[in-house]
Amino acid sequence: MHIPHYNFVFDPKDLTLEDEFSFNCYKGIVCFNKCCYDVKLVLSPYDLLRLKKNLKLTTSEFVEKYGEFYIGEVTQLPVISINMNPHDYSCPFLAEPEGCRVYPDRPSACRIYPLARYFAENEKGEKLELYKIIRETHCKGHYENRPIKVKDYLEEQGLYVYHHFNDLWGEVVLKRQKFSHIPLTGDILDLIYLLAYDLEELRDEIKSDSLPYFLHEDLNLSDEELLEKSLKIIKDEILTEENLNW
């Protein structure tokens, strides 16, 4: 069944980590898998890293088989997204009727549903982490009697590590917006893509001493450690006014 994701609303109430909401999704609920159709799934660098490992694919293999690469209209940065199946608009990782076949490494957008995360400032100028509930007409999980605190839901869905890396990528996006008036050259876009998404090729570049930002010792880093270092390099060393005004 093809259910377009057009009919949704956000609850007006802001939720903190300590607030409770009621939700449950499980095999057997009448709407099971219905959220896996006609979705624009944009992957963060950490989303892609987890999926590639699960599927045992390189970045180029993943994009060729499941996704597309383009420059984001808003971010002006490299983006990788998942293409839905053309015949029924289902996610390519959906295996009806069992569910998601990459569930342990599903993207953060799938994990956090039905919540949306954002940040705001209070009257003191302090940064607040807040959440809103997304309600879609087809989703019956909201009617399940399962109260849970936001912080416990995040823990249950394995989101804290995703939040860490997605916040690092968010800092890159914010830094890019700061210099949005400066067009990025093809070389810089290629470099950002390499550091954020293509860690296999990045390791080859480090081996050949082709990049000034890394040492041979960085080859001993785990993929997660290398990605963390790479995202910080993009923000602090590549997206600088001095570097962009070449």
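If you check Leu57 against the conditions, is it in contact (Cβ under 8 Å) with a residue 60 or more places away in the chain and surrounded by 14 or more Cβ atoms within 10 Å (Cβ to Cβ)?
On the way: in contact (Cβ under 8 Å) with a residue 60 or more places away in the chain: no; surrounded by 14 or more Cβ atoms within 10 Å (Cβ to Cβ): yes.
The answer is no for Leu57.
Step by step: first the residues of region 208-239, then only those that are touching a Lys or Arg at 6+ places or on another chain (Cβ under 9 Å) and in contact (Cβ under 8 Å) with a residue 60 or more places away in the chain, then the one that is nearest to Asp167 (Cα to Cα). Which residue is that?
So, considering only residues that are touching a Lys or Arg at 6+ places or on another chain (Cβ under 9 Å) and in contact (Cβ under 8 Å) with a residue 60 or more places away in the chain, the one nearest to Asp167 (Cα to Cα) is Lys235.
Is it true that Phe8 is touching a residue at least 12 places away in the same chain (Cβ under 8 Å), in contact with an Asp or Glu (Cβ under 6 Å, 6 or more places away or on another chain) and more than 30 Å from Leu189 (Cα to Cα)?
Numbers: touching a residue at least 12 places away in the same chain (Cβ under 8 Å): yes; in contact with an Asp or Glu (Cβ under 6 Å, 6 or more places away or on another chain): yes; more than 30 Å from Leu189 (Cα to Cα): yes.
Yes.
What single numbered condition from (1) farther than 27 Å from Ile188 by Cβ; (2) at pLDDT below 95 fails to hold for Glu73?
Glu73 satisfies all of (1) farther than 27 Å from Ile188 by Cβ; (2) at pLDDT below 95 except (1).
In region 170-205, how many are part of a helix (DSSP H, G or I), among the aliphatic types (A, V, I, L, M) and in contact with a helix residue (DSSP H, G or I) (Cβ under 6 Å, 6 or more places away or on another chain)? Explain how you work it out, then say what you get.
Initial filter on region 170-205 (part of a helix (DSSP H, G or I)): 170-178, 186-196, 199-205.
Adding the requirement that they be among the aliphatic types (A, V, I, L, M) leaves 172-174, 188-189, 191-192, 194-196, 199, 202.
Filter once more, so that each one left must be in contact with a helix residue (DSSP H, G or I) (Cβ under 6 Å, 6 or more places away or on another chain): 172, 192, 194-196, 199, 202.
Summing the residues that are part of a helix (DSSP H, G or I), among the aliphatic types (A, V, I, L, M) and in contact with a helix residue (DSSP H, G or I) (Cβ under 6 Å, 6 or more places away or on another chain) in region 170-205 gives 7.
Condition first: among the small types (Gly, Ala, Ser) and surrounded by fewer than 16 Cβ atoms within 10 Å (Cβ to Cβ). Now tell me which residues in region 64-92 satisfy that. Step through it out loud before you land on a result.
Step one: filter region 64-92 for residues among the small types (Gly, Ala, Ser), giving 67, 72, 81, 90.
Selection gives Gly72 alone.
So which of Leu43, Leu15 is of a type outside the set (Ser, Thr, Tyr), under 21 Å from Arg111 (Cα atoms), surrounded by 13 or more Cβ atoms within 10 Å (Cβ to Cβ) and under 15 Å from the mean Cα position of the chain (by Cα)? Working first, answer last.
Values: Leu15 fails: under 15 Å from the mean Cα position of the chain (by Cα).
Unique residue meeting the criteria: Leu43.
For the condition at pLDDT 95 or above, within 26 Å of Ala196 (Cα to Cα) and in contact with a helix residue (DSSP H, G or I) (Cβ under 8 Å, 6 or more places away or on another chain), what is the one hit in Leu15, Leu43?
One residue alone meets the criteria, Leu43.
Determine whether Asp167 is loosely packed, with under 13 Cβ neighbours inside 10 Å and outside any strand (DSSP E or B).
no
Look through region 211-223, keep the residues that are surrounded by 15 or more Cβ atoms within 10 Å (Cβ to Cβ) and part of a helix (DSSP H, G or I), and return whichever of them is farthest from the chain's Cα centre (by Cα). Working first, answer last.
So the first thing to find is which residues in region 211-223 are surrounded by 15 or more Cβ atoms within 10 Å (Cβ to Cβ), and the list is 211, 213-214, 218, 221, 223.
Going one step further and asking which of them are part of a helix (DSSP H, G or I), we end up with 218, 223.
Working: Asp218: 24, Asp223: 16 Å.
So the residue we want is Asp218.
Identify, from the list Asn33, Asn24, the residue that is in contact with a strand residue (DSSP E or B) (Cβ under 7 Å, 6 or more places away or on another chain), closer than 25 Å to Ile134 by Cβ and either of a type outside the set (S, T, N, Q) or in contact (Cβ under 8 Å) with a residue 40 or more places away in the chain (or both). If you could, list the steps in order and put the result at the bottom.
Values: Asn24 fails: in contact with a strand residue (DSSP E or B) (Cβ under 7 Å, 6 or more places away or on another chain).
Going through Asn33, Asn24 in turn, just one is in contact with a strand residue (DSSP E or B) (Cβ under 7 Å, 6 or more places away or on another chain), closer than 25 Å to Ile134 by Cβ and either of a type outside the set (S, T, N, Q) or in contact (Cβ under 8 Å) with a residue 40 or more places away in the chain (or both): Asn33.
Which residues, counting only those in region 115-149, are part of a loop (DSSP other than H, G, I, E, B) and surrounded by 10 or more Cβ atoms within 10 Å (Cβ to Cβ)? Talk me through it step by step, then tell me what you get.
Start the filter on region 115-149 by keeping residues that are part of a loop (DSSP other than H, G, I, E, B), which leaves 122-126, 137-140, 144-146.
Within region 115-149, Thr137, His138, Cys139, Lys140, Glu144, Arg146 meet the criteria.
The values are calculated or read from the model by the stated rules, or taken from the named source; none is laboratory data. Note that the structure is a prediction, hence the values are computed from the model and not measured. Every residue, glycine as well, gets a Cβ built from its backbone with ideal geometry; the counts of neighbours run over all protein chains shown.
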